[in-house]
Structure formats: C-alpha cells, structure tokens
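Let me give you the structure first, and then I'll get to my questions.
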Amino acid sequence: MSPTRDRFPSFPVLAPYPVHGIANPGLVPAAPVRPGAALSPPTGSNPAGAAAPPPAPSAPPPEEAHDDEDDDGGGAVAALPSAPPLPADPPTQAAAPSASGGAVPRAHFFLFFDGASKGNPGPSGAGAYLLETESQEIRWRQSCGLPNGTNNEAEYHGLLIGLEQAVTMPHVTRLTVIGDSELVIKQMLGVYRVRASTLVGLHARAKDLCNRLRARRCRLSFRHIDRCLNALADSLANDGVQW
C-alpha cells in the first residue's frame with residue numbers, strides 16, 4: 001500500500017460546466033440626445049436597421065434538479081501535456097454540519113475507479129483513488145483482488161470501494177465520480193438499463209451508497225473519460241488481479 005498523500009502526476013481536465021444565460025450582442029447604443037431636445041416615448045417597433053434584442057433567456061434549471069446532476073460525460077475531457085494544473089474550485093468558507101452537530105470543512109473530491117479482468121470472465125481486480133481538488137493530492141487509494149468475473153463486474157467493484165471510502169469521509173461534500181466504463185457511468189445515471197443479472201446487485205449497492213452521500217447533502221456527479229486518461233486507476237485495478 002502506498003502513502004495516502006501522494007502528488008498526482010497527471011490528471012484529466014474536465015470540460016467546464018455550461019454557463020446558463022446568453023450574451024446580448026444585438027443591442028446597439030442609443031444615439032446622443034441634443035440639449036433641450038424632447039424625449040419621445042418608446043414605440044413598440046425597433047428603429048430601422050437596428051437588430052432586435054434576443055429573447056430573454058429562460059431561468060436555468062436547479063443545480064440538483066436531476067439525479068446525480070445528469071452529467072453523462074457529454075463534456076469532452078481535454079488531453080493536456082504532462083503534469084497539467086488541476087482546476088481547483090475557489091475555497092469555500094462555509095462548513096457542512098457533521099453528525100455530532102459540529103462543522104466540518106467542505107471539500108471537492110474526484111473519485112477515479114477502474115476494474116480489470118484477465119479472460120473476461122477470469123481473474124479480476126479493482127482499484128480506486130480519491131483526489132482532493134484544492135490540494136491536488138491523493139488522499140486515499142486502494143487495490144483489491146476479486147474472484148473470477150467479467151470486466152463490468154470488476155468496474156462496479158472499483159466504483160464500490162471508492163464510494164464506500166467516500167461515505168466514511170464527512171468532509172467530502174462534493175464528489176465527481178470519474179471512470180472509463182461507459183456502461184457503469186450511464187447505468188448509474190439511469191441512461192442505460194441494468195440487464196445483466198450479475199450487475200443488478202452491484203448497481204443497487206452503488207445507488208444505496210450514493211443515496212447515503214446525498215443524505216448528508218453531498219453533491220454527486222458522474223463523468224466518463226477515455227481509458228488513456230485513467231491510467232492510475234487502471235494500474236491499481238491490475239495490481240489487484242490475483243494470478
């Protein structure tokens with residue numbers, strides 16, 4: 001097991017969240033008013049040649065309106081040169097209430113997970129780690145060996161060990177779950193149905209852990225990334241394979 005406070009050598013930079021609202025390039029400045037000139041009331045039509053102002057943008061949806069913020073990984077993950085800077089959120093001064101009634105500092109974490117199966121089905125392993133965005137440090141990581149199983153089962157086990165660890169950390173008040181398994185990510189978002197009988201119980205367990213995090217007002221989102229951007233979690237998963 002490696003130390004828990006490691007510097008993270010490289011990581012994927014997620015595309016920025018969409019900004020609600022639109023610009024208003026169609027408005028033109030008003031002509032200067034001559035001293036003493038009478039001001040006429042505005043009419044219902046636009047001046048000749050002036051662009052009509054765009055319609056007012058609709059109110060943005062609530063931040064937590066959809067399950068897990070419905071982040072299905074549609075935002076591209078940019079591949080940057082080695083050791084790019086981590087996009088840390090601005091420090092948050094507010095503190096979340098703890099179970100004992102005190103306050104704990106808020107923190108945003110990335111949970112990276114992966115699974116590996118040699119033979120599919122065959123000997124399997126799972127790995128996950130938690131990266132704190134502000135300090136850019138890995139606070140926890142783990143590998144585990146699994147019985148013979150499929151790659152999708154191993155991916156779910158990687159997700160589960162990461163969620164179980166996050167539940168034990170009360171200062172995790174925002175969690176972005178990141179993996180290279182499109183199946184797992186979209187099943188967690190409800191985009192894909194869980195059809196395989198071997199995944200039903202694993203999916204239900206993962207959803208239960210997510211609900212426990214939400215119960216303490218932890219914000220959850222899910223992102224799908226390419227395998228090449230998930231190298232450390234992949235290495236942890238392969239380390240767990242028992243030959």
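Using a/c under 1.5 as the rounded threshold, could you call segment 176-238 rounded, prolate or oblate? The axes a ≥ b ≥ c are square roots of the C-alpha gyration tensor eigenvalues, and prolate needs a/b larger than b/c, oblate otherwise.
Details: a/c = 1.78, a/b = 1.23, b/c = 1.45.
In terms of gyration-tensor shape, oblate.
Determine ³J(HN,Hα), in whole Hz, for all residues of segment 163-178 in sequence, where each value follows from phi through the Karplus function 6.51 cos²θ - 1.76 cosθ + 1.60 and θ = phi - 60°; x replaces Gly and Pro.
Going residue by residue, I get 5, 4, 5, 4, 4, 7, 10, x, 7, 7, 10, 8, 9, 9, 8, 10 Hz, with x marking Gly and Pro.
On the accessible surface of segment 102-189, probed at 1.4 Å, how many percent belong to carbon and sulfur atoms?
Carbon plus sulfur share of accessible area: 46 percent.
Got a number for the accessible area of residue 197? Probe 1.4 Å, square angstrom, nearest 10.
Number for this one is 100 Å².
Taking H as built 1.01 Å from N, whose amide H comes closer than 5 Å to the amide H of residue 140, not counting residues under 5 places away?
Those qualifying (amide H under 5 Å, at least 5 residues apart or on another chain) are 130.
Is the shape of segment 113-243 best called rounded, prolate or oblate, per the rule: a/c under 1.5 gives rounded, else a/b larger than b/c gives prolate, else oblate, with a ≥ b ≥ c the square roots of the Cα gyration tensor eigenvalues? Spell out each step's value before the answer.
Working: a/c = 1.74, a/b = 1.26, b/c = 1.38.
Oblate, because a/c is 1.5 or more while a/b does not exceed b/c.
The values are calculated or read from the model by the stated rules, or taken from the named source; none is laboratory data. From a predicted model like this one, the values you see are computed outputs, not experimental measurements. Heads up: the accessible areas ignore ligands, DNA and RNA and are worked out on the full protein's heavy atoms, side chains in. Shrake-Rupley method; radii C 1.70, N 1.55, O 1.52, S 1.80 Å.
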